[in-house]
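Notes for the one structure printed next.
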Amino acid sequence: MKSHILTEKHQLGIGGVAIGTAFENITDEQAHEILQAAWDIGIRYYDTSPWYGLTKSERRFGNFLKDKDRDDFIFSTKVGRLFHQVPESDVPPTMWKKPLDYDFLHDYTADAVQKSIEDSLQRTGLSHIDIVYVHDLSEDQVGDRYPYFLKQARNGAFKILSELRDQGVIKAWGMGVNKIEPILDCIESADPDICLSATQYSILEHEDAVDRLLPTVKNAGVKLVSGAGYNSGYIAGRERYNYKDVIPKGMYEKRKKMSSLAEKYNISLIDAALHFVLAADEFASIIPGASQPEQVKDNMNALQTNIPAEFWKELKNEGLIYEKAQVPE
């Protein structure tokens, strides 16, 4: 039986995409205020990646957390890209509004994973990393190179991360991806503990995950963390969906119907979205990002909101959520 590192107090964490300037140019001071708000309301799971802001988010998390008691929080970051400093004119175009002056290469070999972990420890100033996710090893990120990189990871990243876990250097590892297949492929060939499921499971879109992902991780004893449980802000009313500006057909109408139903029960769609994800036995945590401190507080308020059972019944009766999806009892 795997030991699960995330406990009930880690059900709500904070992710580092927004702090890495994904959606707007958040300053160092704003990032500190967001992280301080998270700490003050009791959040003790912090997830980031060197990819976010081309190492900017990871540095910001480390700058905030390095003075905290290391036993008081869980910290996760990611491997799969190696970063090197370049002149500002050579910084590649990315989704980040204000990244640092770095370029990168995908590399899932054992040596690259060890180098990535060493670099992350240096950037953050932390004594150790609790959870390491193999990041963006999926077709939406590496395209037709996926089979090549998967083989590289099977011979490299997966093996070395299991060794580092068994040696006590890290506490757990798994995939951090936007697609279902890479998690299934990893479980088939390795022994991950926990996977970051970024855009596969939300109150708006979850059927495929219910049918294929959740049974597999349950059988393998692997837990999940939800990385985009609000579809990167779409549930909160933003006009972006899973980090893209293209909204899937029919999703606007679905969101509108769900929001109206939530209002009927005096709750918000954010409240419902958070509880929906955590209702699934396989999910240990949800880690929404935040562009301002108020959003962090809203997430904690959502966690503490009681949602009537009738709301979930009505969603299923209206066909707005999958009949097989687990809902809060």
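The values are calculated or read from the model by the stated rules, or taken from the named source; none is laboratory data. What you are looking at is a predicted structure, and each value in this text was computed from that prediction instead of being measured. Cβ sites come from the backbone with ideal geometry, for glycine too, and all protein chains shown count toward neighbours. These accessible areas exclude ligands, DNA and RNA; they are computed on the full protein's heavy atoms, side chains included. Shrake-Rupley method; radii C 1.70, N 1.55, O 1.52, S 1.80 Å.
Within the shell of other residues whose beta carbon sits under 12 angstrom from the beta carbon of GLN114, the net charge comes to -3, with Lys and Arg scored +1 and Asp and Glu -1. Label sites at LYS68 and GLU253, each approximated as a point 7 angstrom past Cα along Cα to Cβ, lie 4.4 nm apart. Report, in whole Å, the centroid distance computed from the Cα atoms of the range 79-101 and the range 215-259. Going from one Cα centre to the other spans 27 Å.
When only the Cβ of Lys, Arg, Asp and Glu is charged (+1, +1, -1, -1), the dipole of the range 265-329 relative to its Cα centre reaches about 60 debye. Working from Cα pairs under 8 Å separated by at least six residues, relative contact order for the range 52-110 is 46 percent. All C-alpha to C-alpha distances of the range 120-161, sorted into 10 Å bins beginning at zero, yield P(r) values of 25, 41, 29, 6 percent in whole numbers. Tell me the carbon and sulfur percent of the accessible area for the range 38-108, rounded to whole percent, probe radius 1.4 Å. That share works out to 44 percent. Cα centroid separation, the range 116-162 to the range 55-74: 20 Å. Think of the range 1-66 as having a plus end and a minus end, set by charges on the Cβ of Lys, Arg, Asp and Glu; of PRO50, GLY16, ILE5, ILE5 sits farthest toward the positive end of this dipole.
The value of relative contact order for the range 182-329, using C-alpha pairs under 8 Å at least six residues apart, is 25 percent.
Could you sort out which of LYS256/LYS316; LYS264/LYS324; LYS78/LYS115; LYS56/LYS78 sit more than 18 Å apart by Cα distance in this structure? Where the Cα-Cα span goes over 18 Å, the pairs concerned are LYS264/LYS324. A Cβ-based charge dipole, computed about the Cα centre of the chain with Lys and Arg at +1 and Asp and Glu at -1, lands at about 180 debye. Computed from Cα atoms alone, the Kirkwood hydrodynamic radius reported for the range 249-309 is 12.7 Å.
Evaluated on the range 182-258, the Kirkwood hydrodynamic radius is 13.5 Å, with distances taken between all distinct Cα atoms. The distance linking the range 1-34 with the range 260-329 is 19 Å (Cα centroid to Cα centroid, whole angstrom). In this Cβ point-charge picture (+1 for Lys and Arg, -1 for Asp and Glu), the range 99-162 has a dipole of about 320 debye about its Cα centre. Under 5 Å from the amide H of ILE74 lie the amide H atoms of TYR45, TYR46, each residue being 5 or more positions distant or on a separate chain, with H modelled from the backbone and absent for Pro and chain starts.
When you restrict to C-alpha pairs under 8 Å that are six or more residues apart and normalise by the size of the chain, the relative contact order lands at 19 percent.
Surface composition of the range 170-329: carbon plus sulfur atoms hold 46% of the accessible area, using a 1.4 angstrom probe and ignoring ligands, DNA and RNA.
What translational diffusion coefficient, to the nearest whole µm²/s, does the range 78-154 have by Stokes-Einstein, given a Kirkwood radius computed over alpha-carbon pairs, a temperature of 25 °C and 0.890 mPa s viscosity? Roughly 179 µm²/s, to the nearest whole number.
A 1.4 Å probe run over the protein chains yields, for the range 246-329, 52 Å² of accessible area per residue, whole-number rounding.
Once the convex hull of all Cα atoms in the range 225-328 is built, its volume per residue stands at 103 Å³.
Per residue, the range 2-79 exposes 36 Å² of accessible surface when a 1.4 Å probe is rolled over the protein heavy atoms with every protein chain present.
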